[in-house]
Amino acid sequence: MGMDLKGEVALVTGSARGLGRAMAQRLAELGAAVAIHDITPDACAEFGEAKDINDVAARIAANTGAKTVSICGNIADEAQVAAMVEKVEATLGPISVLVNNAGGDIALRGGKPKPNSGLGVPMEDARAIFERNIIGTMIVCRAVCPGMAKRARGSVVNIASGAAHFGVDDGVAYAVAKAGIVEWTQCLAVELRQAGVRVNAVSPGPTKTARFLLTRTIDPKQADESVPLDRYGTPEEVADVVAFLASPAARFVSGQTLLVDGARFTRLYL
């Protein structure tokens with residue numbers, strides 16, 4: 001059994017841009033119908049990735065032949081999530097693949113928290129980061145996974161971060177929230193094991209999304225894709241791992257977190 005997703009319906013949160021867009025594109029290429037999501041219709045225009053979410057959905061449909069639908073809403077709001085799931089399932093059918101990608105190290109009023117350390121980060125920013133990451137992931141799972149369990153099939157892929165796996169003194173709230181997603185993945189995998197629903201996570205390292213390239217100082221050597229491993233990752237490389245975990249090729253894999261970082265953070269354990 002390979003990476004064939006024909007007949008599957010995938011919801012990828014935060015998929016109008018960045019990593020999520022690459023994931024949605026890959027799942028559609030493998031045959032899945034895909035729901036494209038972002039918090040607002042024009043959020044993907046911030047870094048010039050698309051005009052709006054409908055443009056993204058139309059492009060993916062044109063490129064792959066897949067059915068798509070676009071949905072907008074805050075993943076930390078239970079009522080909005082319920083309405084989004086209802087729209088997806090009314091349009092495409094029951095969700096069988098869920099990718100919880102939406103998140104980010106973003107303060108309550110935008111940008112990164114300042115300061116961004118454990119003892120210094122404003123608590124309003126820490127709460128916003130927890131809502132955007134672990135709480136939002138939990139809410140979307142709670143809206144989608146009961147249906148998967150009832151149908152005795154489904155795959156959930158939660159997006160954590162390399163930062164979840166080692167100590168940091170900058171971006172602490174984000175690292176803690178992503179570490180929570182790793183633990184949530186393990187707990188939910190145990191809970192849904194008897195129902196035949198798989199739950200896994202992916203922890204990307206630094207990856208060349210539009211936001212990444214435009215909001216930080218880039219090391220040209222690390223951006224060189226001809227280098228096998230000692231470089232930044234690409235969204236497509238992360239998307240391939242998400243597609244594997246979502247597919248029948250990973251049919252006996254559950255409760256796992258895969259780092260997709262070219263062994264960048266492995267050396268921290270040595």
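Return yes when Asp169 is more than 23 Å from Pro235 (Cα to Cα), in a loop (DSSP other than H, G, I, E, B) and either of a type in the set (A, V, I, L, M, F, W, C) or over 18 Å from the mean Cα position of the chain (by Cα) (or both) and no when it is not. It is true that Asp169 is more than 23 Å from Pro235 (Cα to Cα), in a loop (DSSP other than H, G, I, E, B) and either of a type in the set (A, V, I, L, M, F, W, C) or over 18 Å from the mean Cα position of the chain (by Cα) (or both). Taking (1) of a type outside the set (Ser, Thr, Tyr); (2) touching a helix residue (DSSP H, G or I) at 6+ places or on another chain (Cβ under 9 Å); (3) more than 21 Å from Leu108 (Cβ to Cβ) in turn, Leu213 satisfies each apart from (2).
Exactly one residue among Ser117, Ser96 is surrounded by fewer than 17 Cβ atoms within 10 Å (Cβ to Cβ), at pLDDT 95 or above and of a type outside the set (Lys, Arg), and that residue is Ser117.
Could you go through segment 16-23 and let me know if any residue there is within 21 Å of Asn158 (Cα to Cα), in contact (Cβ under 8 Å) with a residue 60 or more places away in the chain and not in a helix (DSSP H, G or I). Full working, then the answer.
Restricting attention to segment 16-23, the residues satisfying the condition of being within 21 Å of Asn158 (Cα to Cα) are 16-23.
If we keep only those that are in contact (Cβ under 8 Å) with a residue 60 or more places away in the chain too, we end up with 17-23.
Next, from what is left, pick out any that are not in a helix (DSSP H, G or I): 17.
Checking segment 16-23: at least one residue is within 21 Å of Asn158 (Cα to Cα), in contact (Cβ under 8 Å) with a residue 60 or more places away in the chain and not in a helix (DSSP H, G or I).
May I ask you to verify whether Ala62 is on the phi < 0 side of the Ramachandran plot and over 19 Å from the mean Cα position of the chain (by Cα)? So Ala62 fits the description; yes. For first residues located in segment 176-187 and free of Cβ contacts under 8 Å to residues at least 60 places away in the same chain and assigned to a helix (DSSP H, G or I), partners that are buried (at least 18 other Cβ atoms within 10 Å of the Cβ) and aromatic (Phe, Trp, Tyr) and lie 6+ apart or on another chain with Cβ distances below 8 Å do not occur. Of the residues making up segment 87-144, those that are part of a loop (DSSP other than H, G, I, E, B), within 17 Å of Val202 (Cβ to Cβ) and hydroxyl-bearing (Ser, Thr, Tyr) number 0.
Just one of the listed residues (Ala160, Ala149, Ala177, Ala173) is surrounded by fewer than 23 Cβ atoms within 10 Å (Cβ to Cβ) and either under 15 Å from Arg132 (Cα atoms) or in contact with a Leu (Cβ under 8 Å, 6 or more places away or on another chain) (or both), and it is Ala149. Does Pro94 meet the test of being closer than 20 Å to Met23 by Cβ and touching a residue at least 60 places away in the same chain (Cβ under 8 Å)? Yes.
Looking only at segment 78-90, residues that are of a type in the set (Asp, Glu) and touching a residue at least 40 places away in the same chain (Cβ under 8 Å) come to 2 in all.
The values are calculated or read from the model by the stated rules, or taken from the named source; none is laboratory data. As the structure is a prediction and not an experimental result, all values here were calculated from the model. Because the Cβ atoms are built from the backbone with ideal geometry, glycine has one as well, and the counts that use them run over all protein chains shown.
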